[in-house]
1. For the pair Leu279/Lys263, report the inter-label distance in nm, with labels modelled 7 Å from Cα in the Cβ direction.
2. Through the Karplus equation 6.51 cos²θ - 1.76 cosθ + 1.60, θ set to phi - 60°, convert the phi angles of the range 28-36 into ³J(HN,Hα) values in whole Hz; use x for Gly and Pro.
3. Taking the Cα-to-Cβ direction at Leu45 and at Ala224 and moving 7 Å from each Cα, how far apart do the two end points lie in nm?
4. Once you order the gyration tensor axes a ≥ b ≥ c over the Cα atoms, which shape class does the range 1-129 get: rounded for a/c under 1.5, otherwise prolate or oblate by comparing a/b with b/c?
5. How would you rank 82-90, 25-33, 258-266, 277-285, highest first, on the average number of other Cβ atoms within 10 Å across their residues?
6. From the backbone phi of the range 282-291, what are the Karplus-calculated ³J(HN,Hα) couplings (6.51 cos²θ - 1.76 cosθ + 1.60, θ = phi - 60°) in whole Hz, Gly and Pro given as x?
7. Be a star and scan the range 139-165 for residues whose amide nitrogen sits under 20 Å from the point 7 Å along the Cα-to-Cβ vector of Leu185.
8. Based on the Cα coordinates of the chain, what is the per residue volume of their convex hull in Å³?
Amino acid sequence: MAKLRGVRGAAGWCAASALLYLLVRSILYAGANALLGLFHAGATLARPVGVSDLTVGLFQLFIGIGAILIPLGFTLRLTRLDNRDLRLLLPAPWSPAFCLPVFLGLANIGNLAGALLTALFGGESGAQRLPSGGSALFLQFVLLCVMPALLEELFFRGALQGLLRPSGSAVAIFGPALLFALLHLDLIQGLTALVCGVFLGWLAERSGSILPGMLLHFINNCLAFLTLYLRLYAPAELALALELFLVLFFPLFCLWLLYHARKQGFRFSAGLRPGVDVLAVFGSPAYTLAVLFLLAYTVFFVS
């Protein structure tokens, strides 16, 4: 009963932190658009008419850092969470040769499922652009590969997972992973994000550190960045070959690794902290309302 009461309070704080992240990001985004409009009439981050790629990237970097660090500071200040709970520690022995292919396989299974759903329901994938080179391209690399790997892991697998950890590993993994997925504000991308978030949460619990998850997150982002760059600037055959390799090889290799690991007695639950059921997070009205709000916001305002 104590763990059930604890998970409700912790899940409520997770929900408040997640919604604060969305609020801060929206405010910073609106402020950046206002400033761009002062520099060049009609310019926004979505339509940076007359604004350099480097300037846009610097604004995006400021927004990304602020949207994570402000809710993180709020969580550390107002809850029982402290720096040790963030798990910024050297990990216990873990197997990158197993975890990396499995993670990339799960991510690409999610991507395949998302592409199938997009085709079935007639959705459109947003066209993303990258500079062709120079400092603007490097800044986009930092924005898309480095910053999410470091800050998202620190916030979701560090702070939010740390809040829920006393109630057990299962609920600590699932609760932040669902918020992580919904905060992508895209139901198709959120499917992949949920799968990845669960695996990264498991890895943080199993290794006792968020550093391995940062590494896997970074590698996955780098592959996505490379794919996007080749799609824009390389011969179509090269880009297609890389995409086919990623979406075919890693899922198949992942399934093969999991099959052999299970035959050798590997269990994902081994070494995890016992506790309440994953669905106990929905015993928190604040968490449940936050999930419903993010779903409605994505469907009715973003999509």
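1. Between Leu279 and Lys263, the label points sit 3.5 nm apart.
2. 5, 5, 5, x, 5, 4, 5, 5, 4
3. 1.6
4. Values: a/c = 1.91, a/b = 1.28, b/c = 1.49.
It is oblate, given that a/c is not under 1.5 and a/b is not larger than b/c.
5. Working: 82-90: 13.8, 25-33: 15.8, 258-266: 10.9, 277-285: 17.4.
Answer by packing, highest mean first, reads 277-285, 25-33, 82-90, 258-266.
6. So the J values, rounded to whole Hz, are 6, x, 8, x, 5, 5, 4, 5, 5, 4.
7. 140, 143-145, 147-149, 151-153, 155-156
8. Residue-normalised Cα hull volume stands at 146 Å³.
The values are calculated or read from the model by the stated rules, or taken from the named source; none is laboratory data. Here the structure is a predicted model, which means the values were calculated and not measured. A quick note on method: Cβ atoms are made from the backbone with ideal geometry, for glycine too, and the neighbour counts reach across all protein chains shown. The protein model used for the area step is the full one, side chains on, heavy atoms only, and it has no ligands, DNA or RNA in it. Shrake-Rupley method; radii C 1.70, N 1.55, O 1.52, S 1.80 Å.
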